[in-house]
Amino acid sequence: MPPPGKTHRPEKAGRFCDQKLANKVTATSLPKILPGETRRTMTHPNALEATRATYIPKHPASLHEHAAALRSDPPPAASEDVRERFPHTFDLPTVTFSDKNAQGESRPIRSGVILSGGPAPGGHNVMAGLFDGLKRIHPASSLFGFLNGPAGLLKDSGREIDAATVDRYRNTGGFDLIGSGRTKLESEADYRKALETARARELTGLVVIGGDDSNTNACMLAEFARKEGSPLQVLGVPKTIDGDMKGGSIETSFGFDTACKVYAELIGNINRDALSVRKYWHFIKLMGRSASHIALECALQTRPTITLISEEVAARSLRLHGIVDHIAGIIAARSANNQNFGTVLIPEGLVEFIPEMRQLIAELNEVLVTGWQEFSALETLPHKREFVTGCLSPESSGLYRNLPREVANQLILDRDPHGNVQVARIDTQRLFIELVEHRLKEMQSAGSYGGGFSPQHHYLGYEGRCAAPSNFDADYTYNLGFTAALLLREGLTGYVATVRHLTRPTWEWLPGGIPLSRMMNLERRHGNIVPVIRKALVELDGPAFKVLEANRDQWASETHFAFPGPIQYFGPPEICDRTTITLQLEANA
Ligand code: FBP
């Protein structure tokens, strides 16, 4: 292998991208095909998949098996109050990998890997980067994948990951290589079982690819393992299309880039349709369980007529009727201007941020848990609705009675395993259509509105979660996986893999890791004070929201739709490698 810093075979990394950019990638950073590996043996069903399979992610010079780890001060803690809960993993340094060579011999590493929670584009490339990193550190290293999320670890269900398998999944979307799941590792019994499985499988590493909850649990497991004297090193990788696991050294979670680009393409197409036929109002709910990052990013990419941001609704204590009046007012004003069309973006989590809906949901959760026997014995839906209405406070029962029938049913029928209302399943887009329609009729009767209203509803969610990763996500995830391998080589535990400077060219990206415990806050959950990684919500004084705020009145009164088109995998870097607008704005702030 050529020495670090020597540039050659530029055609390999970031293939199909700008030659100058590819030229910056050093030879040592190129994934190597190891003896016995066969690359691309399977036949792909179409030319795009076959060609995309050969894409080699770009990465910085520092990302090679010998990269030296530089240790610096720990990052500031989110809360010093958690220190005593993490005596073994709190006062650990920040790590960055440099293009200098580390001293000493590397030993084989045997690591487990788990995909946890909802899929996000790039999960397979994290595994590919991890696999390549481990093998490059020592050819006798190995990777064991636990099946269907953390449950696989608890049940000791998994499979060895070999080179041929990894090759089949490079640059593909989805989590289907080993599956995912939402089982949580949260009790001491779970941690003991996890350590037992790791011992039986002779694992010294475990990489948990997940969101805020999964990384919280990875941190707890790392601390527990150290306390028990176990050699298991536990690491996290920040995943979620929702974009809410970020802050400090985590500039974005992986998958957000691709998912937003898929949704933005579809919204752009809807914008164009609305503009063409000039008769429909499209109400589009966008995935994002709590935070509105996806809605915000899609708004910046597509310039819709109206965008609701849950965090703003909560901050301004906007009530349901206030939001409905706002939408109806814009519809009426546009109608007077001969624009009987528009697009409205609604974040999935919105209802929980509207104060009276939040209160209603909390009361329903209580009623459905405490009155479950009586409720379930009732045979018809009208009887069930009547039962819960009778148990609610006067304000909540008034609100519940006036909700569209379908939404009222969803609120009592779809419940999670703890008995709570499944807020993500509520058709918020239909709720708003019905309420706005009602309001417009009132305005018509009062003579303040003379137009028509033809609504269409959409929910964009699963369409984006398993898309083939964009160049950004393909590169970012591969780098995260490789970085995790280096953190294992360093003997570190309780870390999350990070790659910083993401808006710079890839060769300037900075791989490293920070202690997960530094991201923890103490919160009350199910009656107990526990350490958790807090979801990063949209900041109303952040640059991305500010751009929306500065433009939205104009986007509402005039029409400024944008049509970003599909993700491009091949072509000039300014098209193929561009990041989300949110990331660019935040980097420049
Ligand atoms: P993660 O936070 O686990 O990445 O999942 C995010 C998400 O895609 C949310 O946007 C959505 O509300 C939820 O998953 C839906 O999950 P499910 O797969 O259980 O329907």
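The values are calculated or read from the model by the stated rules, or taken from the named source; none is laboratory data. Because the structure is predicted, anything quoted here is derived from the model rather than measured. Here the Cβ positions follow ideal geometry from the backbone for every residue, glycine too, while neighbour counts run over all protein chains shown. All accessible areas refer to the heavy atoms of the entire protein, side chains included, with ligands and DNA or RNA removed. Shrake-Rupley method; radii C 1.70, N 1.55, O 1.52, S 1.80 Å.
A few comments on the model shown:
- Cα centroid separation, region 68-90 to region 364-411 (Å): 46 Å
- Counting only DSSP beta bridges with both residues in the chain, the antiparallel share comes to about 40 percent.
- Taking all protein chains together and a 1.4 Å probe, the residues E65, E105, E188, E523 rank E105, E188, E523, E65 from largest to smallest accessible area.
- Normalised per residue, the volume of the convex hull around the Cα set of region 522-589 (Å³): 192 Å³
- 34 Å tail of the calculated P(r), the chain, as % of Cα pairs: 44 percent
- For M520, the residues whose amide H sits under 5 Å from its own are A78, S79, ignoring neighbours fewer than 5 places away on the same chain, with H placed 1.01 Å from N.
- Residues in region 175-188 carry Karplus couplings, in order, of 10, 6, 4, 10, x, 9, x, 10, 4, 9, 9, 9, 9, 4 Hz; the curve used is 6.51 cos²θ - 1.76 cosθ + 1.60 with θ = phi - 60°, and Gly or Pro positions show x.
- Flagged links, alpha-carbon separation over 20 Å, of K239/K535; K261/K535; K155/K193; K58/K135; K193/K227: K261/K535
- Measuring between alpha carbons in the structure, the pairs from K184/K384; K285/K441; K279/K441; K246/K285; K285/K546 lying more than 25 angstrom apart are K184/K384.
- Amide hydrogen proximity for V496: with H placed 1.01 Å from N in the peptide plane, the residues at 5 or more positions away or on another chain lying under 5 Å are G236, I514, L516.
- Probe 1.4 Å, protein heavy atoms only - accessible area per residue of the chain in square angstrom: 40 Å²
- Summary of the geometry: region 115-171 and region 467-506, compared by the centres of their Cα atoms, lie 14 Å apart.
- Ranked packing of 249-255, 459-465, most packed first, by mean Cβ within 10 Å: 249-255, 459-465
- Protection proxy ranking of 567-578, 433-444, 323-334 - average other beta-carbon atoms within 10 Å, highest first: 323-334, 433-444, 567-578
- The apolar share of the surface of the chain, taken as the fraction of accessible area on carbon and sulfur atoms (1.4 Å probe, ligands and nucleic acids excluded), comes to 49 percent.
- The chain: calculated mean residue ellipticity at 222 nm from DSSP helix runs of at least 4, using -39500 (n - 2.57): -12500 deg cm²/dmol
- Whole-Hz Karplus values for region 217-225 come out as 5, 4, 5, 4, 5, 4, 5, 4, 4 Hz, taken residue by residue from phi with 6.51 cos²θ - 1.76 cosθ + 1.60 and θ = phi - 60°; glycine and proline positions read x.
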